[in-house]
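First the structure, in the form of structure tokens, and then the observations on it.
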Amino acid sequence: MTSAPPRSLLSVNDLQNDHIQRILDVAQQFHKEPASGATLLTGRIVVTLFFEPSTRTRLSFESAALRLNARVISVADAISSSSVSKGETIADTVRIVESYSDLIVMRHPIEGSAAEAARYAHVPIVNAGDGAGEHPTQALLDLFTIQSERGSISGTTVALVGDLRFGRTVHSLCRLLARWGCTMLLVSPPSLELPPSIATELHAAGAHLREATLEEALQRAEVIYVTRIQKERFADGREYETVRGSYRLTASLLHEHAPQATILHPLPRIDEIATDVDALPAAAYFRQAANGIPVRMAILALLLRALPW
Ligand code: NCD
């Protein structure tokens, strides 16, 4: 490995391509032989600190840590039961929690909060979602899933559908897809387009991206990545009502326009993918969620230096 490995994982931009490849390779090994990590993190303690709701991300991090034989501690409901609800700053919370642990997995509603935590922590911080910012571990498992479902990532045409403005998984994933030379077709209501700062960053990196209608995207894409409208990020509930239900994939729509495409979704889904899609072989979103285990095992083992980068 030529470049210095990251201490924390706050953004996908913390990772060089060789780090990403290494995460995917280690994840592939854990996917094939889950027991091969059985003692790697013996004696280590991982903390999960979630200030926003989560099912998949927290449980899969905890399960991944346990499969590596780490011990896990957590605040059951950090939103209301931690000292942050009493007004404690992120800096103080992290200064305390780091003395109880070897690595902190954190989710917080404020963009930049994980980076703020990393400024004060001496242990690695993993960003499990910072507001509408990024969700790098989700994007890594999305990339892993594209590789396992399609056989390769390079040059794939991916439609990103839904809330591209607030969807933090999209913000991380589009940066990874750009590095693999993927073409991105952006499908969203006008008020939920990709933030201009991210579009500018991607264009400057030479990424292939363009806006498309849902029908066009379905016809061209090899992978369709659908997201939930992030209701909790809207300052005004009426604005949410204007975009609610503005796109919905059904089995008949896919049958007609995209019979070969792989369907991904970071979950939870609300109504943007009809349940009649679930039975299609191309509906990969539950396999995608399961891939969270080997990918997060790889991230934990590498950040804790239990395996070489
Ligand atoms: C996503 C998130 O929290 O950003 N969920 C997840 O981690 N799988 C997507 C979402 O909440 O819509």
Excluding ligands, DNA and RNA, the carbon-plus-sulfur percentage of the accessible area of the chain with a 1.4 Å probe reads 52 percent
Quick tally, 1.4 Å probe accessible area for TYR240, TYR100, sorted with the most first, runs TYR100, TYR240
Scoring only Lys, Arg, Asp and Glu (+1, +1, -1, -1) among other residues with Cβ under 13 Å from the Cβ of ARG71 yields 0
In nm, the gap between the two label points placed 7 Å beyond Cα toward Cβ at GLN219 and ARG95 is 6.0 nm
Magnitude of the Cβ-charge dipole (Lys and Arg +1, Asp and Glu -1) of the chain about the Cα centre, nearest 20 debye, reported as 760 debye
Computed over the chain, the relative contact order (Cα-Cα under 8 Å, seq sep at least six) in percent reads 20 percent
Of all stretches in the chain that avoid trypsin sites (Lys or Arg not before Pro) placed in a DSSP loop and having at most 16 other Cβ atoms within 10 Å, the longest is 8-243
Highest GNM mean-square fluctuation among LEU218, LEU143, LEU254, for the chain with Cα springs under 10 Å, belongs to LEU254
Here the stretch 146-237 gives, from Cα atoms, an Rg and Dmax in Å of 12.8, 42
Contact order relative to length for the stretch 161-237, counting C-alpha pairs under 8 Å separated by 6 or more residues, stands in percent at 43 percent
Scoring only Lys, Arg, Asp and Glu (+1, +1, -1, -1) among other residues with Cβ under 13 Å from the Cβ of SER197 yields -2
With the stretch 1-153 reduced to its Cα atoms and the Debye formula applied, log10 I(q)/I(0) at q = 0.20 1/Å amounts to -1.42
In nanometres, the difference between 0.36 nm per residue of separation and the alpha-carbon distance of ALA290 and ARG248 is 12.8 nm
Treating only Lys and Arg (+1) and Asp and Glu (-1) as charged, each at its beta carbon, one finds that the stretch 136-289 has a dipole about its Cα centre, in Debye to the nearest 20, of 380 debye
Which of GLU111, GLU88, GLU149 fluctuates most in a GNM of the chain (C-alpha springs under 10 Å)? That residue is GLU88
Under the helix-only model (-39500 (n - 2.57) for each DSSP H run of 4 or more, divided by the residues of the chain), the mean residue ellipticity at 222 nm, to 500 deg cm²/dmol, is -11500 deg cm²/dmol
Per the rule of 0.36 nm per residue minus the C-alpha distance, extending HIS122 to SER80 adds in nm 12.6 nm
Extend 7 Å from the Cα of ARG150 along its Cα-to-C-beta direction; within the stretch 249-290, residues with backbone N under 12 Å of that point are 261-264
Regression test value, accessible area per residue of the chain, probe 1.4 Å, units Å², expected 42 Å²
Charge tally for neighbours of PHE234 with beta carbon under 13 Å away, counting Lys, Arg as +1 and Asp, Glu as -1, is +1
Cα-based Rg and Dmax for the stretch 136-289, in Å, come out at 14.4, 43
Ranked by GNM mean-square fluctuation in the chain (Cα springs under 10 Å), the top entry among THR157, THR227, THR39 is THR39
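The values are calculated or read from the model by the stated rules, or taken from the named source; none is laboratory data. Just so we're clear, the structure is a prediction, and the values are computed from it rather than from any experiment. Cβ: placed from backbone, ideal geometry, glycine included. Neighbour counts: every protein chain shown. Side chains included, ligands, DNA and RNA excluded: accessible areas come from the protein's heavy atoms. Shrake-Rupley method; radii C 1.70, N 1.55, O 1.52, S 1.80 Å.
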